[in-house]
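This report concerns only the one structure given below.
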C-alpha cells in the first residue's frame, strides 16, 4: 500500500485526511496522464455523502484544467462506473465513496480502462505528484481546456444491462431492499420494479449524513425484522456504494457472502456454468463453506483478504465465481468487480429457476461459529514472528483438527494482530482465541 492509496483507493476523513486539494491534484494528474496522446475522457460517479459533491467538483476542476472531458454519472453504484468505463471506451473512471464507512469519511477510487482498479504503479505516480516530487504539469489552454458533461445516460444504460441479465420475471415475489441511504437508491428499486417484483424498500432517503447509519449490509438486523414483519420472500441489503450484498431468507435468516457463493456455486455447477468447478474465496471464508463445497464436489481457491486478490486469482486461472464473506461477490461473466445489485439478481435467478425458497436451497450449509479478536500490539512483525506465539497457534490448530481452524494475521492499516477461530461451538472459539491472546500478553506484545 502507498502513502495515500490503500487496497481500495485514497480514503480518509473528508477535509482531514482527504481534502479538496488532494482531489484536485488527483484530477490534474489523471487528466494529464491519460491525455498525452489524445483528449482524455473520464467518467465520475459518487455516493450520497455530503462531501462527495465537493470532491466531484474538485476532481472535475483538476481533470478539465489538464484538458480532459469529464462525464458525470452523479449518484450511482461503484460497479456502474466500472461498467460504463469498459463498455463505452473511457480512459478511466473515478468513484467517490468510502463504501461502508461512516458519512464523514470519503474516498477516491480510480478505475482503469478495463473497468478494474488502477494499477499500483500509476497510483505511486499520483502520490509523487501530490507530494511535489513531480514537476508542475502543464495546464490546458484555449480550446484544449476540458468540459463537463451530464452523463446520467450512462447510469441508465447500466440499469438496462442489469435488467437484461434476469432470466425470469419477478412477478408475485415480495422482495425487501435495504438501500443503505446510499448509491443503490438511484438504481435498485427501479430494477426490481421493472422485473415485476412487489418491492418493499427501506433506508431510501439519503440526506448526506445518514449513509450506512444503522442500515444496509453492516446493520442487517433491520432488514431481517423487515422481511419477517412484511412476510417477504427475500431481502437484500447493500452497502454505501452498492458493490456488496447480503441477503435474508423468508424466515429472516442471514445469508452472508459465503452462503451466497455456496448457493450460486451449486446452481452454476448443476448447469455446467461453473468454470473448473471452482469457487474463489479468501482465507476468511468459513470452514463450513469448505465442508459443504467438498460434499458437492466443488473445488475452491483461497486468496488474501481483498476482492482485488479474488479477481486476480479468477483471471489468472479462468474461474468465474468468487468473493468475500462480506458480500463482495464477482460473477466474471457479467462484471469485473463486486456488484451488489447483480448479486441479488443472481440469487433471484436461483430461487426462480429452482422453484424453492432460500431456506431450502441453503439448508445443507452449516456455518461454523467464528470469533475474531483484534489485539492492539506494539510491533506487528515482532508479534507475528514470536516463537511462543507461533507454538500457541500450532497447538490450537492441533487441538481443533478437522473440526475447526485458527487464523492469526496482522492488519494492513492498524497496529493490530487479528486472532480468528472457527469451531463447533462459541465456547470453543472463545477458549482458543483466549489461549493465543494470553501468549501475546505474556510475551509483552500487547499495548
Legend entry - Long-range tail of P(r) for region 5-154 (Cα pairs > 18 Å, %): 51
Legend entry - Which of 315, 348 has the fewest Cβ neighbours within 10 Å, and the rest in rising order: 315, 348
Legend entry - Label point distance in nm, residue 316-residue 294, each placed 7 Å from Cα along Cα→Cβ: 2.5
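Send over the semi-axes of region 266-381's equivalent ellipsoid, whole angstrom and largest first, taken as the square roots of 5 times the C-alpha gyration tensor eigenvalues. Numbers along the way, then the final one.
Working: eigenvalues 132, 65, 39 Å².
They are 26, 18, 14 Å, listed from largest to smallest.
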Legend entry - Spherically averaged projected area of the chain from its Cα convex hull (nm²): 21.9
Legend entry - Length added when fully stretched, residue 124-residue 157, from 0.36 nm per residue minus Cα-Cα: 8.6 nm
Inset, instruction - Rounded to the nearest Å, what's the spacing between the alpha carbon centres of region 135-203 and region 16-52? Just the number, please. - result: 21
Legend entry - Full-extension gain in nm, residue 228 to residue 21, via 0.36 nm per residue minus C-alpha separation: 69.8 nm
Inset, instruction - Could you check which residue among 168, 50, 271 shows the biggest mean-square fluctuation in a GNM of the chain with a 10 Å Cα cutoff? - result: 271
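Stretch residue 139-residue 214 to full length: gain in nm at 0.36 nm per residue minus the Cα-Cα span?
On the way: separation 75, 0.36 × 75 = 27.00 nm, distance 4.45 nm.
The residue 139-residue 214 span can extend by a further 22.5 nm.
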Inset, instruction - Compute the separation of the alpha-carbon centres of region 256-309 and region 346-366 and state it in Å as a whole number. - result: 15
Legend entry - Label-point separation in nm, residue 382 to residue 434, each point 7 Å along Cα→Cβ: 2.7
Inset, instruction - Sort 163, 329 so that the residue with the fewest other Cβ atoms within 10 Å of its own Cβ comes first and the one with the most comes last. - result: 163, 329
Legend entry - Cα gyration tensor category, rounded, prolate or oblate, for region 106-171 with a/c compared to 1.5: oblate
Legend entry - Point-to-point label distance, residue 302-residue 359, nm (Cα→Cβ direction, 7 Å offset): 3.3
Inset, instruction - Sort 311, 151 so that the residue with the fewest other Cβ atoms within 10 Å of its own Cβ comes first and the one with the most comes last. - result: 151, 311
Legend entry - Of 302, 373, 109, the one that fluctuates the most in a GNM where the chain has Cα springs shorter than 10 Å: 373
Inset, instruction - Evaluate the Debye formula for region 370-442 with equal point scatterers sitting on the alpha carbons, no solvent, and hand back log10 of I(q)/I(0) at q = 0.11, 0.13, 0.15 Å⁻¹, in q order, two decimals. - result: -0.23, -0.33, -0.44
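At 222 nm, what helix-only mean residue ellipticity would the chain give, in deg cm²/dmol to the nearest 500, using -39500 (n - 2.57) for each DSSP H run of four or more?
Computed ellipticity for the chain at 222 nm equals -12000 deg cm²/dmol.
We did not get these values from a lab; they are worked out from the coordinates using the rules stated. Computed from a prediction, not measured in an experiment: that's the story for all the values here. Cβ: placed from backbone, ideal geometry, glycine included. Neighbour counts: every protein chain shown.
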